[in-house]
Amino acid sequence: MSGFIILIIIVGTAVGVLTLFIIKSFIAPRKIESVVDLLKSGKNQQVIKAAKLLLAKEPRHVDAHYLLGQAYIAEGKTELALMEFKIVNQIGKFEGLCREVLFRKQAAELYRKFGEPEEALKEYLLLIKKEPVQADHYAAIGELFEERQMSDKALSYLQKAVELNPNHGGAHLHLGILMYRKKKLLGARVELEAAVRIDPENYQANYYLGRLLKEMHEYPTALRSLEKAQRDPEYKSKSLIEAATCNMSLNNMEKAISTLERVINLDGNTTANDLIYARYFLSLCYEKVRNIDSAIEQWEEIYAKKPAFRDVAQKLSQYQELRTDDRMKDYLTSSCEEFEQICRAITVGLKLEARDVKENPHGLEIYAAEAEKNWRSGRPMPRLIFFMRDNDMIDVSIVRSLSEKMKKNNISRGIVVTSSNFTRKSIEFAQTRPIDLVNKEQLSAVLKKVKY
């Protein structure tokens with residue numbers, strides 16, 4: 001009798017356990033399904049509460065962690081979502097609602113967002129094993145290697161992405177940028193043009209294509225690309241600056257000035273670095289058109305923020321005497337007509353008579369001869385004078401150009417007059433030829449004596 005009772009107890013216990021297991025197996029999926037329905041209905045707070053209740057009973061419930069992460073994403077709490085996804089990754093079981101490929105795509109994006117490129121890279125490498133012909137994964141890996149300055153690996157993965165999907169605009173874009181930085185301009189151009197062809201509104205591609213075309217001296221085409229790039233607030237100031245430098249190269253200073261002034265007045269939408277570059281190029285434009293006071297204003301603005309920027313300190317030093325030397329200021333800033341009068345006066349001060357005047361890219365050329373009262377023979381000795389008002393050091397190429405013109409015109413002696421100074425090579429070149437060099441200090445002394 002006692003044995004029979006024991007048998008009944010054992011059978012009853014087994015049936016109870018089995019019944020409980022069946023009930024749990026039926027109820028648990030129903031609970032998850034109800035949480036999924038809440039998520040689909042946009043009831044994110046209820047999803048969060050329900051998922052947390054499930055996790056309180058079963059901390060390693062993969063689907064509950066996954067749904068909690070999805071609800072956090074929907075609520076914009078992506079950092080909390082990443083924490084849940086990390087737990088899912090640690091558990092590593094993808095047998096229920098949480099599908100591995102979709103999960104890893106989302107996890108990789110979250111890792112990238114929160115500055116964990118190594119973890120993102122791991123996810124994409126796993127995705128390649130799951131989806132070996134999916135171009136997006138190769139493109140993402142290429143971008144991650146690009147961010148880490150591993151350009152060779154980046155190129156390899158990006159090229160694979162383009163091979164798998166020739167219409168992958170992002171891969172073409174990043175390939176183009178990498179090649180541009182490596183100075184492979186022809187290859188970069190092919191990739192950037194492909195990116196723009198696939199998506200004409202790809203403003204980043206238009207920006208880099210504009211820069212590349214500018215370096216290839218295709219200024220009109222570059223300007224068209226940069227104009228498109230200006231529609232994106234992120235690239236607006238940069239594109240305007242690049243467009244201005246194109247116009248500077250085309251010697252369209254008026255357009256360049258108006259463009260750079262526009263950058264400076266963008267109401268806080270210009271980065272500090274872009275603002276410095278805009279002011280610097282604007283100063284060069286002002287210097288070119290002889291508006292030296294405005295150029296100095298820009299150099300002073302730059303110097304106050306970044307004293308070591310390019311040659312700003314040198315420029316301010318070079319032009320410092322303009323504040324006390326009105327004659328030198330006239331020489332540097334006068335109009336073309338006034339400058340000719342000053343040069344004629346200097347010619348007279350050198351005891352010569354001007355016979356002919358021609359413009360050159362850096363100033364004026366005056367063909368002169370000794371004043372009549374100084375003739376020692378029956379005919380005057382011809383002179384060729386270069387008047388330079390470029391503030392750069394006078395290189396040997398300028399002095400050589402004078403020498404060649406002297407030979408061509410059968411002129412026995414030449415003079416280079418400059419508001420700056422001469423390089424060592426130009427001085428050495430002149431020392432062995434009938435050429436006199438008048439530097440800034442000597443010019444200042446002459447200007448004080450002449451009348452104009």
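Against the conditions (1) within 19 Å of HIS174 (Cβ to Cβ); (2) over 12 Å from the mean Cα position of the chain (by Cα); (3) charged (D, E, K, R); (4) assigned by TED's automatic domain parsing to the domain that holds PHE281, LYS238 satisfies every one except (2). Screening ARG224, ARG189, ARG211, ARG231 for residues that are closer than 17 Å to GLY169 by Cα and of a type outside the set (A, V, I, L, M, F, W, C) leaves exactly one candidate, ARG189.
Quick grid of which residues meet (1) over 35 Å from the mean Cα position of the chain (by Cα); (2) hydroxyl-bearing (Ser, Thr, Tyr); (3) under 25 Å from ILE141 (Cβ atoms):
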position	(1), (2), (3)
ALA56	yes, no, no
ASP63	yes, no, no
LEU67	yes, no, no
TYR72	yes, yes, no
LYS86	yes, no, yes
GLU95	yes, no, no
ALA108	no, no, yes
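Of the numbered conditions (1) on the phi < 0 side of the Ramachandran plot; (2) modelled with pLDDT of 50 or more, GLY42 fails exactly one; give the number of that condition. Evaluating GLY42 over (1) on the phi < 0 side of the Ramachandran plot; (2) modelled with pLDDT of 50 or more leaves (1) as the failure. In the condition set (1) modelled with pLDDT of 95 or more; (2) surrounded by 15 or more Cβ atoms within 10 Å (Cβ to Cβ), ASN391 is compliant with all but (1). The residues in segment 74-84 that are in a helix (DSSP H, G or I), within 20 Å of GLU116 (Cα to Cα) and either among the polar types (S, T, N, Q) or within 37 Å of the chain's Cα centre (by Cα) (or both) can be counted, and the count is 6.
Answer with yes or no whether ALA371 is touching a helix residue (DSSP H, G or I) at 6+ places or on another chain (Cβ under 7 Å) and not assigned by TED's automatic domain parsing to the domain that holds ALA313. Considered against the rule, which asks whether it is touching a helix residue (DSSP H, G or I) at 6+ places or on another chain (Cβ under 7 Å) and not assigned by TED's automatic domain parsing to the domain that holds ALA313, ALA371 comes out as no.
With respect to the conditions (1) of a type in the set (Gly, Ala, Ser); (2) in contact with an Asp or Glu (Cβ under 7 Å, 6 or more places away or on another chain); (3) part of a helix (DSSP H, G or I), SER403 lacks only one, and its number is (2). Within segment 422-433, can one find any residue that is touching an Asp or Glu at 6+ places or on another chain (Cβ under 7 Å), buried (at least 16 other Cβ atoms within 10 Å of the Cβ) and part of a loop (DSSP other than H, G, I, E, B)? Yes, the conditions are met somewhere in segment 422-433. Pairs linking a residue in segment 208-228 that is of a type in the set (Phe, Trp, Tyr) to a residue that is surrounded by fewer than 19 Cβ atoms within 10 Å (Cβ to Cβ), with Cβ atoms under 7 Å and 6 or more positions apart or on different chains, are TYR219/SER249; TYR219/LEU250. When segment 96-110 is filtered for residues that are in contact (Cβ under 8 Å) with a residue 12 or more places away in the chain and under 13 Å from VAL62 (Cα atoms), the ones remaining, listed by number, are GLY96, LEU97, CYS98, GLU100, PHE103. Under the condition of being part of a helix (DSSP H, G or I) and surrounded by fewer than 17 Cβ atoms within 10 Å (Cβ to Cβ), the residues counted in segment 263-278 number 3.
The values are calculated or read from the model by the stated rules, or taken from the named source; none is laboratory data. Values in this document were obtained by computation on a predicted structure and should not be read as measured data. Here the Cβ is made from the backbone with ideal geometry for all residues, glycine too, and neighbour counts use every protein chain on show.
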